[in-house]
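Laboratory data are not the source of any read-out in this text; all were calculated from the coordinates shown. What you are looking at is a predicted structure, and each value in this text was computed from that prediction instead of being measured. Reconstructed Cβ throughout: ideal geometry from the backbone, glycine too, with neighbour counts over all protein chains shown.
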Amino acid sequence: MLAVVLAGLLAIMAPNAFADNNNLSLNATIVDAPDKGWYGNGDVVELTASLANDGEATSIVVDPSCDEVLRVWSQSVLVYDETEECLDQSRGMDIDAFSTTSFNSLTWDLTNSEGEIVPSGDYIVEYFIPGEELSSSVPVHVQSSFDIPEGVELSVIATAREDVFSEAEPAIISVRLHNSLDEDIALDFGECKLIINSELLGDCGPNNLLANQIVTIAQIPYLLEIGTNEFAVSIGGSELSQTISFDASPDSDQGVNSGNLDSISLDLVLEGDNQFGEMESFSPDISIFNNGLEDVAIDFSTSCRGEIWVVDSAGNVVMDSRSMKECSENEVEYQLQPDTVRSFTQPDWNFIDMFGCHLPPGDLLVVMEIPEHDLYASEFITLTRERDTYCEDDSLFIDAEFTGEGLLTVIPSVMGDEFEMSWFTICGLEAALFSAGEQIDMHLSECDYLEQFSVQASEIELSPIEFDMDGLDNGEYTLFFETTTYPQVRSSVSFDWPLVSEETNEEEVTEETEVAASRVISGTWSLTSNELGTCWLLNSPDEGILTLAGAQGLVNWAPERGATGEYLIFESEAVPECSDFAAVSFTVEEVYSQGVITETVEEDSEVVEVTPIESGNEEISPAVVTVGVVVASGGILSLLVAIIATNESWRIPATSAGLWFLGLVGRTSETSDGRYQRGRLMGYLTANPGCHFRALMAALEMSNGQITHHLKILEDEDRIWRRADGRLVRFYPFTSNLHPGILDDELPMPPLSPDPNSLQGKILRLLDDDGQLNLFPTQAELAHRLERSQQLVSHHLRTLQKYGLVEKKRSGVRNRYCLTREAVFLLETTEL
C-alpha cells in the first residue's frame, strides 16, 4: 500500500520535476578578468554563474555531493574534470517563475586533472551543474611556464630611422632568439606567444635552432610618446625576458590638417607581388586613402611628403628615401574626399644598403610615413635572390687546423669579434691550395644547407676539407679561403708540408724543458707599476728584459731599483703583476752578488778655434752680406726643421748628430741612471712592441736627446731594432720571435697614436671630454657633433675598436661609446 502511494506521488510530481527546461539558461562569467586579457604564472581563473528562468516555476535535479563543478577543455579533449569527485546522487531544486538563481564562484588554477600546469594555448572553461546537465562556457588563453634549453638567449633591438627616437614617429621593436651553443637545440614552444607590454603577439619561435643560429621572431612598429618609453618583452611565462627603455624627443614636424585624420589609411603599392628575385628592383608608391565620410585636408611644408625607410631582420636601417633626395621647402595642400586616393612616388631601390653593399635574401620591413602628420604603416617584402659575392668584412678571418700524413685534413674556422653571418643554399666556402703561386687543388664545402640561415658567434668551426698530398713536393703551401656568405670573408693560411706531428712537438718541448734548468744570469733591476701591483724587471745584457716571479727560500733578499747583480735562477710562470709583459719570467734561487754602482760624470770641455777667412773682394757691404746670410740661413733651417720634425726617419739621426755636435754623446761616462732609463725603455717596448719614437718620448717622459741617446745604445747592443712605418719609426725588442727578418704582416699590432687633427683623433678627444662628465655618446651623436656622415664615423669607430682604444656598451637600445683604459693612458701621455 505504501509503495502504491509513493508511486502516485512521484507521478503527480513528475510534470514539475522534469519540466521543459527551454526557459532555463545558465550564464557563466569571469570574475576579475586580468587587464592583459590572458592568464599566466600564478593566475587563477574564477567563474560565477546564474540560472535564469523565463517561464513558470519548475524544478531541476542536482547532485548534492558536488553541487556545481568546473570542466576545462582543450579543443575536444577534457583536461580538467571536477565531476570525478561527484557521487552520482540526486536531489530536486525548485526554481521560481521568472527568477534568477545565483550559484557559487568556482576557481581553476591552470592545472590538469593530474595537478600539472597545462601548456600554453586556448581553453574552454565550462561551469557545469551535474544531474540536470546544465552548463555554460567561457574561453580563456593561458601562457604557461616551460623549460628553456640552456644556451637560448633573447635579444630586443629598438630602431629609429636616424637612430634618434622622437614623439609620434614609429620605432621598430625587433625580437630575436639566439642559440649561443655550438650544437643544435630542439625547442617545443607549442602555442607559446610572444608578449610585449602584456600584449600577445606572434609565435615564440621555431621548433629548432642550429648551432649559433640567430632568428628574428618579430618586428613590430610602435608610435612613441614624448619622454620615456618602456617595452617589456617575454616569451611564455617570462622564462626569457628583456625590458628596454629610451627617451623620445618632442615632435618637431607637426603639420596642419583638418577633418578626421584617423580615417586616413596608408598602403604600399607594388607592380607585382612582394617577392623580389633576380634583376628586380623595388619601385613602390605610397597611397593614402580616405575611409571616412568627411573631407580631410592635409597641408605640407616640404617636398618630403610621403616617404619610406626599410629595416632588415637584424634591426638595421638599410634604406631611407629621404637620404636619396633633398627635402626642400614647398607648401601645398591635399584635399581628400571620402573614398579618394592620393599617391606618392618613391625612388627605385636595388637592394643596396646605406654602406653600398648588396643585401642578402630575407624579409625586409618597409615603413611608410607621412612625416608631418604622424601617419604610418608597415609591410613586409621578401628578397629571394642570392648573389655570388657580398661586401667583405675585413675584421673577420679564417684560421685552420692541419692534420694528416698522405691525406691532408683541414678544419677551417671563421673568427673575429662577436659577428653575424648569413649562409645560403649554394656552397658557402671555397678553399684553393697553392704552391709557389700556382693553384694545385680546390674544394667547395658547406654545400648541404637546404635553406638560408644566420649565425652569431665569435668563432664558427666549419666542416673538414681533405686534400690528397701524395706526390707533392715538400715545402711551403698556402690555402686561400673565400666564403659565399653575407658578409664575405677572404683569408689565407700557410703551412709546411709534411706537417710536424704533435708528438714531435711534445718531445721537443720536453727536451727544452729538461735543458732549461737552473742557470746564472746578471743584469740591472728596474720596476713598473700597474693596477695589480709592482712588476720587477731585470735588464740582462745577454737575454734582454726578464720579469721576476719570486725568490725561492730567500726571505731577507729583495731586488733594488738600479742595483746590478748576478743570480742563480730558473724559469717559472709569471706573476699576475707581470702578466702583460711578453718576456721570460724567472725565480731566484741564489744571489751571488748585488749592489748599486755609483759612477761620476766627467764632462770635458773643448774649445774649437775658428779662423776667419779674409776676402780680398770688398765690393759688397758686410752688413748686406750678414743680413742676406741670416735671412737665407733662417729660411733653410726653418724648412729643414719642419721636414725633420714631421718625419721620424730623419728626426732621430738629426737629433743624434746634433747631440754629437754639442758634445753630449760620447763624453758622458755611463751611470746607473742611464742603465735604469734603458731598463725602463726595454720594459716599455717589451709590453708595447712597435711603439713609435714620439709616443715613447711622451710615455717615458724623456727629452728628445735622452731617448735618442738611449735608443742608439740599445740598438748598438742589438737589444732593440727599428722599422720605418711611413713617417714614423717603430721600435721592437730583439727576441727570437721579434727580429729584423720578420715580415710586416707578422709584426704585432702597434699601439695606435692618431693624428690629433684626424677624425680618429677628434673622436678620441670627444670621447675623453664626455667621459670626464660621465657621458657616453652614440654613433649618431658623434656624427652630428663632428659634422660627418654616420657611415664615416662608424668606419673609424670600428678601427679604434680594433686597436683596443674604444669600446661600445649597450645602454637600453643603443650602443654608446667610451674610451678603454689604454686610450686614456694614450691621451694622458700624448699631445692629442
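For the range 339-471, the alpha-carbon coordinates run over 79, 28, 26 Å along the three principal axes, in decreasing order.
Modelled label positions at Val341 and Ser287, each set 7 Å beyond Cα in the direction of Cβ, lie 0.1 nm from each other. Over the C-alpha trace of the range 259-350, radius of gyration and Dmax come out as 15.2, 44 angstrom.
Between Ser105 and Leu450, what FRET efficiency follows from the Cβ-Cβ distance if R0 is 56 Å, with the result rounded to 0.05?
Efficiency computed from Cβ-Cβ geometry: 0.55.
Subtracting the Cα-Cα distance of His795 and Asn530 from 0.36 nm times their residue separation leaves 92.2 nm of extension gain. Here Lys325 is the anchor, and no lysines lie within straight C-alpha reach of less than 20 Å, apart from those fewer than 8 places off in the same chain. Peptides 163-171, 567-575, 225-233 ranked from most to least packed give 163-171, 567-575, 225-233, packing being the mean of other C-beta atoms within 10 angstrom over each peptide's residues. Taking each residue as 0.36 nm, the span from Gln772 to Ala297 lengthens on full extension beyond its C-alpha to C-alpha distance by 165.9 nm.
Taking a sphere under 11 Å around the Cβ of Ser90 and counting the other residues whose Cβ falls inside, with K and R at +1 and D and E at -1, yields a net charge of -2.
Evaluated over the Cα positions of the range 76-190, the convex hull gives a direction-averaged projected area, one quarter of its surface, of 14.7 nm².
Neighbours of Gly553, meaning other residues whose beta-carbon lies under 11 angstrom from its beta-carbon, give a summed charge of -2 when Lys and Arg score +1 and Asp and Glu score -1. Modelled spin labels at Asp184 and Val77, positioned 7 Å past Cα toward Cβ, are 2.5 nm from each other.
Using a Förster distance of 35 angstrom, determine the FRET efficiency expected from the C-beta separation of Arg519 and Asp468, and round it to 0.05.
It comes to 0.15.
Counting 0.36 nm for each residue step from Ser263 to Leu87 and taking away their Cα separation leaves a gain of 57.4 nm.
Model label points for Ser252 and Ser579, set 7 angstrom from Cα along the Cα-to-Cβ axis, are 4.7 nm apart.
Using a Förster distance of 51 Å, how high is the FRET efficiency between Ile411 and Asp54, based on the Cβ-Cβ distance and rounded to 0.05? All intermediate terms of the calculation are to be shown ahead of the outcome.
Numbers: r = 80 Å, r/R0 = 1.57.
Computed FRET efficiency for Ile411 and Asp54 comes out at 0.05.
Each of the peptides 96-109, 449-462, 759-772 was scored by the mean count of other Cβ atoms within 10 Å over its residues; in descending order, highest first, they stand as 759-772, 449-462, 96-109.
With N as its number of residues, the range 421-469 has a Cα radius of gyration that, divided by 2.2 N^0.38 Å, comes to 1.37. A simple count of charges around Leu268, restricted to other residues whose Cβ falls under 11 Å of its Cβ and scoring Lys, Arg +1 and Asp, Glu -1, yields -3.
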